[in-house]
Amino acid sequence: MLKKGSGTPDQSEITAFLGKGTEFKGVLSFEGTIRVDGKVDGEVVSKDTLIAGDESLLQGEISIGTLICSGKIMGNVHAIQKVHLLAPAKIQGNIKTPKLIIEEGVIFDGKCEMAGEQKSVEQKVVSFTDR
């Protein structure tokens, strides 16, 4: 359930929380909705929702279902459902998503590709054939 007018899920739906002052390095994979207010250095992979709060810093590649961000991201974002950027978010990297919402006050430095909705993050895998 979304909070009325906020565009973010209410706290009862959040399944995990990385608070301010926490740091995570590596591959963050999860189900459900998580909120990050700390630092994540590495890859984030999920078909579900990531909420990046005002104090968050995410460095690396993000492949997600839905991203709701008011923090800082340095890396590329691939969302299969939507990306919602809330002020004062700062994004340095490319975004690929079928739906993009950017509030006034957001800084976005990169390219955006508005691709059709895809079925899953796993479709991102590319196979090569020998010739």
With the checklist (1) modelled with pLDDT under 95; (2) under 19 Å from residue 56 (Cα atoms) in hand, flag the one item residue 115 doesn't pass.
-> (2)
For the stretch 71-86, pairs from a residue that is under 14 Å from residue 42 (Cβ atoms) to a residue that is acidic (Asp, Glu) and not in a strand (DSSP E or B), with Cβ under 7 Å and 6 or more apart or across chains, are 75/61; 76/61
Across the stretch 27-41, what is the number of residues that are of a type in the set (Gly, Ala, Ser) and surrounded by fewer than 15 Cβ atoms within 10 Å (Cβ to Cβ)?
-> 2
Test: residue in the stretch 53-75 that is β-branched (Val, Ile, Thr), touching a Lys or Arg at 6+ places or on another chain (Cβ under 9 Å) and modelled with pLDDT under 95 | no
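Can you spot a residue in the stretch 28-37 that is in contact with a Lys or Arg (Cβ under 7 Å, 6 or more places away or on another chain), of a type outside the set (D, E, K, R) and under 21 Å from residue 102 (Cβ atoms)? Step through it out loud before you land on a result.
The initial filter retains those residues of the stretch 28-37 that are in contact with a Lys or Arg (Cβ under 7 Å, 6 or more places away or on another chain), namely 37.
Of the ones still in play, those that are also of a type outside the set (D, E, K, R) are none.
No - not one qualifying residue is present in the stretch 28-37.
In this structure, does residue 47 turn out to be more than 23 Å from residue 108 (Cβ to Cβ), at pLDDT 95 or above and not small (Gly, Ala, Ser)? Break it down into steps so the answer makes sense when it comes.
On the way: more than 23 Å from residue 108 (Cβ to Cβ): yes; at pLDDT 95 or above: yes; not small (Gly, Ala, Ser): yes.
In short, yes.
The values are calculated or read from the model by the stated rules, or taken from the named source; none is laboratory data. Predicted model only: the values in this text are computed from it and were never measured. Note that each Cβ is placed from the backbone with ideal geometry, even for glycine, and that neighbours are counted across all protein chains shown.
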